[in-house]
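K.L.:
Right, I'll just put the structure down here and ask away after.
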Amino acid sequence: MRTITIKPAAITHNLNQVKALAPKSNVLAMVKANAYGHGVAAVLPALQQADGIGVATLREALEARQLGWDKTIGLIEGAFTIDEWQQAIEHDISCVIHHAPQLAWALEQIPAADSATRVVWIKYNTGMNRLGFNEQTLVPAAKSLHDAGYQLILTTHFANADDRSHPLNAMQIQRFNDMLSILRETISHDIKGSLCNSAGIVNFPEHHHDWVRPGIMLYGSAPVIDQSAHELNLQPAMEFGAQIIALQTVSAGDAIGYGSRWTAEQDTKTALVSIGYGDGYPRVVNEDAYVTVIDTNNESYRCAVIGRVAMDMIVIDVSAVPGSSALNSKVILWGDAPHVDEVAVHAGTISYELLCRLSLRPQRL
């Protein structure tokens, strides 16, 4: 059996950690990419104490509305067409506006005064150099939106917030704070600010402003490079599991799997686990990769992943597991141990990618 077990209580716990770190800020909880692979339907009930949720596409926003989410929804890339802008108005979705076409749609079709779409997140490019108005174009765009009756939230996105010491962070913070001051002085004192993602929430507590936008930390992964999830008191919200389906002893000198990348130095007891890259476990992991085996006596063992990961199975070294209890034992690919952050390091990637690329094959619990 292949399973993905979601723990809503962990998500609520992590949300409470965000609120403790940013007690004066509203929280826009990011649930884009199917809640970072966790499943929007499973996650939304755990986020009821958030002030809103953030999504990347209109389809995601509409799904959240269909699931009964009646608070703020922020469409963080905004509408892609004027038809999407109209749908945003219809479903009370608040949009980011980051370039001229979106500005034009907002000025051409102004929502009713009580519409949530009257709140717009105007994006300022402070150094990420993806989306957003520059210093010259943002002020007139903000003024035209305010004059048309919109409530404004100035927002931007860090490029290096996970690394507190990166010099661009200070520059982005300064640019953002300067622009927010200009907007409040020249247009309206009521303009709000939103600067911090998960890493910013942890690393820059003095710059939380009116809204924070936690993402990966809600799901129990560390957003910064110098502190672990455990050190940040974050709980993993997902356990990725499988089971041992066969046992064999590989003789010294024999190789295992495609490419014969691993060769036994001595007779080695191995196990086949019913998981592979077809389920979302990374195909390439280094020699430090391991899983946790929980045998039929409920004892836990750390077991190395050996050989190349295949589509449907992996091989692990179960020399330490008593022979009579290994078959059909539960295998944890990530969860409490190993943590998904560890697996990401072994795979040369980040936890975001591992969580988001899980396939539909594992049973979700």
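K.L.:
What number of residues within the stretch 4-19 are surrounded by fewer than 18 Cβ atoms within 10 Å (Cβ to Cβ) and assigned to a strand (DSSP E or B)?
P.N.:
Residues in the stretch 4-19 being surrounded by fewer than 18 Cβ atoms within 10 Å (Cβ to Cβ) and assigned to a strand (DSSP E or B): 1 in total.
K.L.:
How about the stretch 30-52: which of its residues are of a type outside the set (A, V, I, L, M), within 14 Å of ARG65 (Cα to Cα) and crowded, with 19+ Cβ neighbours inside 10 Å?
P.N.:
LYS32, GLY52
K.L.:
Is there a residue being over 18 Å from LEU131 (Cβ atoms) and surrounded by 15 or more Cβ atoms within 10 Å (Cβ to Cβ) anywhere in the stretch 90-103?
P.N.:
Among the residues of the stretch 90-103, at least one is over 18 Å from LEU131 (Cβ atoms) and surrounded by 15 or more Cβ atoms within 10 Å (Cβ to Cβ), which makes the answer yes.
K.L.:
Go through the residues of the stretch 264-274 one by one and say whether even a single one is part of a strand (DSSP E or B), within 17 Å of GLU239 (Cβ to Cβ) and at pLDDT 95 or above. First the steps, then the outcome.
P.N.:
Step one: filter the stretch 264-274 for residues part of a strand (DSSP E or B), giving 268-273.
Narrowing further to those that are within 17 Å of GLU239 (Cβ to Cβ): 273.
Narrowing further to those that are at pLDDT 95 or above: 273.
Yes, because at least one residue in the stretch 264-274 is part of a strand (DSSP E or B), within 17 Å of GLU239 (Cβ to Cβ) and at pLDDT 95 or above.
K.L.:
Of the numbered conditions (1) under 23 Å from ARG357 (Cα atoms); (2) surrounded by fewer than 23 Cβ atoms within 10 Å (Cβ to Cβ); (3) among the hydrophobic types (A, V, I, L, M, F, W, C); (4) at pLDDT 95 or above, ALA22 fails exactly one; give the number of that condition.
P.N.:
Tallying (1) under 23 Å from ARG357 (Cα atoms); (2) surrounded by fewer than 23 Cβ atoms within 10 Å (Cβ to Cβ); (3) among the hydrophobic types (A, V, I, L, M, F, W, C); (4) at pLDDT 95 or above, ALA22 fails exactly one: (1).
K.L.:
Do we have ILE225 as within 30 Å of TYR36 (Cβ to Cβ) and crowded, with 22+ Cβ neighbours inside 10 Å here? Spell out how you get there, then give the answer.
P.N.:
Details: within 30 Å of TYR36 (Cβ to Cβ): yes; crowded, with 22+ Cβ neighbours inside 10 Å: no.
Considered against the rule, which asks whether it is within 30 Å of TYR36 (Cβ to Cβ) and crowded, with 22+ Cβ neighbours inside 10 Å, ILE225 comes out as no.
Residue by residue, here is whether (1) of a type in the set (Val, Ile, Thr); (2) in a helix (DSSP H, G or I) holds:
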| residue | (1), (2) |
| --- | --- |
| VAL27 | yes, no |
| ALA42 | no, yes |
| TRP69 | no, no |
| GLU77 | no, no |
| ASP83 | no, yes |
| CYS95 | no, no |
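K.L.:
At pLDDT 95 or above, of a type in the set (Lys, Arg) and within 24 Å of the chain's Cα centre (by Cα), is that true of ARG164?
P.N.:
yes
K.L.:
Could you list all residues from the stretch 326-365 that are assigned to a strand (DSSP E or B) and buried (at least 18 other Cβ atoms within 10 Å of the Cβ)?
P.N.:
Our first condition is that a residue be assigned to a strand (DSSP E or B); within the stretch 326-365, this holds for 330-334, 363-364.
Residues satisfying the conditions are LYS330, VAL331, ILE332, LEU333, TRP334.
K.L.:
Same structure, new question: Is one or more of the residues making up the stretch 340-351 touching a Gly at 6+ places or on another chain (Cβ under 6 Å) and modelled with pLDDT of 95 or more?
P.N.:
Quick first cut of the stretch 340-351, residues touching a Gly at 6+ places or on another chain (Cβ under 6 Å) only: none.
Within the stretch 340-351 (the criterion being touching a Gly at 6+ places or on another chain (Cβ under 6 Å) and modelled with pLDDT of 95 or more), the answer is no, since none of the residues qualifies.
K.L.:
Moving to a separate point now. Which one is modelled with the highest pLDDT, of the residues in the stretch 279-302 that are polar (S, T, N, Q) and assigned to a loop (DSSP other than H, G, I, E, B)?
P.N.:
Taking the candidates together, the pick is ASN286.
K.L.:
Quick one: what pairs do we get from the stretch 205-218, first residue within 23 Å of ASP341 (Cα to Cα), second of a type in the set (D, E, K, R), C-beta under 9 Å, 6+ apart or different chains?
P.N.:
The qualifying pairs are GLY215/LYS32.
K.L.:
Here's another thing I want to ask about it. Can you tell me which of LEU75, LEU131 is surrounded by fewer than 21 Cβ atoms within 10 Å (Cβ to Cβ) and either in contact (Cβ under 8 Å) with a residue 60 or more places away in the chain or in contact with a strand residue (DSSP E or B) (Cβ under 8 Å, 6 or more places away or on another chain) (or both)? Don't jump to the end; show me each part of the working.
P.N.:
Working: LEU75 fails: surrounded by fewer than 21 Cβ atoms within 10 Å (Cβ to Cβ).
Within the list LEU75, LEU131, the selection yields LEU131.
K.L.:
Now for a different question. Would you check if there is a residue in the stretch 182-198 being outside the structural domain of LEU355 (by TED's automatic domain parsing), at pLDDT 95 or above, within 17 Å of the chain's Cα centre (by Cα) and part of a helix (DSSP H, G or I)?
P.N.:
Checked against the condition, which is being outside the structural domain of LEU355 (by TED's automatic domain parsing), at pLDDT 95 or above, within 17 Å of the chain's Cα centre (by Cα) and part of a helix (DSSP H, G or I), the stretch 182-198 yields at least one hit.
K.L.:
Consider VAL305 against the criteria (1) assigned to a loop (DSSP other than H, G, I, E, B); (2) surrounded by 22 or more Cβ atoms within 10 Å (Cβ to Cβ); (3) at pLDDT 95 or above: it satisfies all of them except one. Which criterion is unmet?
P.N.:
The single condition VAL305 does not satisfy is (1).
The values are calculated or read from the model by the stated rules, or taken from the named source; none is laboratory data. None of the values given here were measured: they were computed from a predicted structure. Every residue, glycine as well, gets a Cβ built from its backbone with ideal geometry; the counts of neighbours run over all protein chains shown.
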